[in-house]
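These notes are about the structure you will find just below.
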Amino acid sequence: MDWTLWLELVIKALVLIFALLGGFAYLTWYERRLLARFQSRLGPNRAGPFGLLQPIADAVKLIFKEELTPAKAYKLVFFLAPIMTLVPSVIIAAVIPWGPPFQLGDRIVTQSIADINVGVLFLMSIASIAVYGIVLAGWSSNNKYAMLGGLRSAAQMISYELTLGLAFVVAILLGNSMNLTDIVEAQRDGRWFVLVQPVGALILWIATLAEVNRHPFDMPEAEQELTAGYHTEYSGMKFALFFMAEYQKMIVVSAILATLFFGGYLGPWVDRWPLLGPVYMFLKIVILLFIMIWVRATWPRIRYDRLMAFGWKVLLPLALAVVMITAVGILLAEINPWMIWLIPIFSLIAGAFASLMIDRSLRRKAYA
Amino acid sequence: MSPELILFLVLSLVAIAAAIGMLISPNPVYSALFLVINFSTVAVFYLILGAPFIAMAQITIYAGAIMVLFLFVIMLLGAEKLAPGKVLPYQKPLAIGLAIVLMVESVYAVLARNPSDAEIIVPTEAANSIDAMRDLGIMLFSDYLLPFEVTSILLLVAMIGAIVLTKRAKGEQE
Amino acid sequence: MLLEYLAIAVLIVLATVVALIAIGLGGLFGPKKKTVNKSMPYESGMMPIGPGTRRMPVRYYLIGVLFILFDIEVVFFLPWAIVFRQLGWFGLIEMVVFVAILLVGYVYAWKKGALEWE
């Protein structure tokens, strides 16, 4: 193995890490400005033009903050937990293709860290590892609120991980591969999977919201009842790492959603100029993030019992049904290609049925 | 020595150290974490052997799902604060005896290998192709169909067992 | 083959280094004035009573078990999803049988109230 290969690996890894870092910094700015707009305010606009230097000011402030470790904390785990939360949020992005490969000198550079044949399973395995940081942060703080927040968060994440996995299965079925590049290539010519399987995309989106503990599933951080959930005892840069992990996960799950259902890096002229790929990804991610923030500004938090019931009693069976509908539809499409459009029709019926059941159950509870 | 062999030796040391750490660590939560490290190194062994699917499944199910359950159980029992309980009198001799049996068995398994298939197959780029995954899927869903279906019954039994053990009858006090 | 995974390993190492640097920066520049009150568990100014970690409800265990079982199911779904075009209708029936057996357990869990979070 020659040194240029090592150089390529290190450069690609650093580009990804710093892109996510920069993305995190400006996502906080983007979110605050947007939330301000939704609430008829201005948002941070003092530091630099349009408040663009605000993230830097925040970072400097956090560096100069005191870091507290509670006297009764389990010190080693307390120190490791933020790292164990941050690292998975970065490496889960390793298999996402950001664009088609391009020629640089006499070597072909792929625009992903690792183009592996079990890409989707890799996403699942890292998502399941990501639980540890949070549950251990809660436990090692030796604080009641933190412990409760960590446990709730872990239970929520594992519950929605099943739905996440089944939504991945839908994308694999449609793309006929577990490799993310293959899945993107299968969506060429505008055949985005969201058109064939809109309910699958919606399920994946809901599951990722729960997976990154965003509104309306931000139970672990329910300020009014758990102070701040699993990171109650964290301050300074250790807190910043949790914050960073949460926002990087937002970016990464948006990228995953874009890759699996919204055509990934595909767009006009992407074959002629492969570096357009990351641009299209960026645009798609920004739009998906906008929707995430919009949801935060609009919807109230879901009660924890309903959140778990929604995950286990509604999303899981619905996801199973959607997988089966997709499989049957693909087999029927081999007889007649037009039958592929039975998939969206029946999936939408299944989705409508699920919403009807939620509505009925909520009504019954309201009058009970 | 090939890079794979060096990697294997280093990781074996890590795996053994993690296993010992799991046994001697006083706090069960630390033990669980050592076990996570152990499972992850085993996953890398599978990778070296050219079995990425098994490696990822190992991380997803063992390091992910099962160890989260272990952590839940430790916290459920409040085991991290329990004083060491009574040890069974015959525990040590029994453990040593079983360990010897296991050792003899694995040494026998290594020595008794048929020389014709003793050659170690070095995984190639082909293991990273989607066709390799397809072969695995076809094998699983044709030759090994029965074990696959039986797995679901095993899972069913586990599920019902867990519910029976934890759920009280209606009306009973929590 | 291992090259792709080597790339992931490099990424893991570098990400850990970045995280350590971030924590190190905070430790370098942040003030360090420990007081008894600061190192108490934070409970919104109330005096903490009893230990911080205590035994938790058994339903988390139940959720954990159900998660493992369905997680295994999902992992079985993945290789099936890429070969089911070759297997055709037979493959679909295989999977339906597998899922149907698990669904028996799911319905049992539902009826027994194991999915209830009271």
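The values are calculated or read from the model by the stated rules, or taken from the named source; none is laboratory data. All values derive from a computational prediction rather than experimental measurement. Cβ: placed from backbone, ideal geometry, glycine included. Neighbour counts: every protein chain shown.
At-a-glance table
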quantity	calculated
Residue identified as of a type outside the set (A, V, I, L, M, F, W, C) and surrounded by 15 or more Cβ atoms within 10 Å (Cβ to Cβ) among A:Lys61, A:Lys65	A:Lys65
Test: C:Lys32 is within 7 Å of chain A (Cβ to nearest Cβ), loosely packed, with under 13 Cβ neighbours inside 10 Å, in a loop (DSSP other than H, G, I, E, B) and more than 29 Å from the chain's Cα centre (by Cα)	yes
Residues (modelled with pLDDT of 80 or more and facing chain C (nearest Cβ under 7 Å)) located in region B:122-147	B:Met133, B:Arg134, B:Leu136, B:Gly137, B:Ile138, B:Leu140, B:Phe141, B:Leu145
Enumeration of residues in region A:178-203 that are crowded, with 23+ Cβ neighbours inside 10 Å and either over 19 Å from A:Val328 (Cβ atoms) or out of contact with any helix residue (DSSP H, G or I) (no Cβ under 7 Å at 6 or more places or on another chain) (or both)	A:Met178, A:Asn179, A:Leu180, A:Thr181, A:Ile183, A:Val184, A:Gln187
Matching entry among A:Ile108, A:Ile126 (being within 12 Å of chain B (Cβ to nearest Cβ) and under 30 Å from B:Asp135 (Cα atoms))	A:Ile126
Close pairs (8 angstrom Cβ cut-off, 6 or more residues apart or separate chains): within 7 Å of another protein chain (Cβ to nearest Cβ) and in contact (Cβ under 8 Å) with a residue 40 or more places away in the chain in region C:107-118, assigned to a loop (DSSP other than H, G, I, E, B) and surrounded by 15 or more Cβ atoms within 10 Å (Cβ to Cβ) anywhere	C:Ala109/C:Leu115; C:Ala114/B:Lys167
Only one of C:Val75, C:Val17 that is at the interface with chain A (Cβ under 10 Å from one of its Cβ atoms) and either over 30 Å from B:Val150 (Cβ atoms) or touching a Phe, Trp or Tyr at 6+ places or on another chain (Cβ under 8 Å) (or both)	C:Val17
Residue within region A:132-154 that is in contact (Cβ under 8 Å) with a residue 60 or more places away in the chain, facing another protein chain (nearest Cβ under 10 Å) and more than 30 Å from C:Lys32 (Cβ to Cβ) present	yes
Test result for B:Val36, more than 12 Å from chain A (Cβ to nearest Cβ), closer than 26 Å to C:Tyr5 by Cβ and at pLDDT 90 or above	no
Residue that is without any contact (Cβ under 8 Å) to a residue 12 or more places away in the chain and either hydrophobic (A, V, I, L, M, F, W, C) or under 27 Å from A:Ala93 (Cα atoms) (or both), where the choices are A:Met357, A:Met339, A:Met308	A:Met339
Filter result for the condition that a residue is polar (S, T, N, Q) and under 23 Å from A:Ala155 (Cβ atoms), over A:Ser355, A:Ser361, A:Ser347	A:Ser361
Meets criteria (modelled with pLDDT under 85 and aromatic (Phe, Trp, Tyr)) for C:Tyr42	yes
Any hit, region A:306-328, residues being out of contact with any Ser or Thr (no Cβ under 8 Å at 6 or more places or on another chain), part of a helix (DSSP H, G or I), more than 22 Å from C:Val99 (Cβ to Cβ) and not acidic (Asp, Glu)	yes
Identity of the residue in region C:82-106, among the hydrophobic types (A, V, I, L, M, F, W, C) and in contact with a Lys or Arg (Cβ under 8 Å, 6 or more places away or on another chain), that ends up nearest to the other protein chains (Cβ to nearest Cβ)	C:Val83
Helices (runs of 4 or more DSSP H) lying entirely in region B:1-108 (those with 3 or more residues that are small (Gly, Ala, Ser) and outside the structural domain of B:Asp135 (by TED's automatic domain parsing))	B:3-24, B:28-48
Among (1) more than 22 Å from the chain's Cα centre (by Cα); (2) modelled with pLDDT of 90 or more; (3) of a type in the set (Gly, Ala, Ser), the one test that C:Gly26 misses	(2)
Residues that are assigned to a loop (DSSP other than H, G, I, E, B) and β-branched (Val, Ile, Thr), drawn from region A:179-216	A:Val212
Tally of residues being at pLDDT below 85, hydrophobic (A, V, I, L, M, F, W, C) and either touching a Phe, Trp or Tyr at 6+ places or on another chain (Cβ under 7 Å) or under 30 Å from B:Ser40 (Cα atoms) (or both) across region A:40-89	1
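Okay, residues lined up against (1) surrounded by 16 or more Cβ atoms within 10 Å (Cβ to Cβ); (2) polar (S, T, N, Q); (3) in a helix (DSSP H, G or I):
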position: C:Val10; (1), (2), (3): yes, no, yes
position: C:Gly26; (1), (2), (3): yes, no, yes
position: C:Lys38; (1), (2), (3): no, no, no
position: C:Gly50; (1), (2), (3): no, no, no
position: C:Thr53; (1), (2), (3): yes, yes, no
position: C:Ile63; (1), (2), (3): yes, no, yes
position: C:Ile68; (1), (2), (3): yes, no, yes
position: C:Glu73; (1), (2), (3): yes, no, yes
position: C:Phe77; (1), (2), (3): yes, no, yes
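Conditions tested, residue by residue: (1) crowded, with 17+ Cβ neighbours inside 10 Å; (2) in contact with a Cys (Cβ under 9 Å, 6 or more places away or on another chain); (3) farther than 16 Å from A:Leu136 by Cα.
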| residue | (1), (2), (3) |
| --- | --- |
| B:Glu4 | no, no, yes |
| B:Leu33 | yes, no, no |
| B:Ser40 | yes, no, yes |
| B:Phe45 | yes, no, yes |
| B:Ala51 | yes, no, yes |
| B:Gln58 | yes, no, yes |
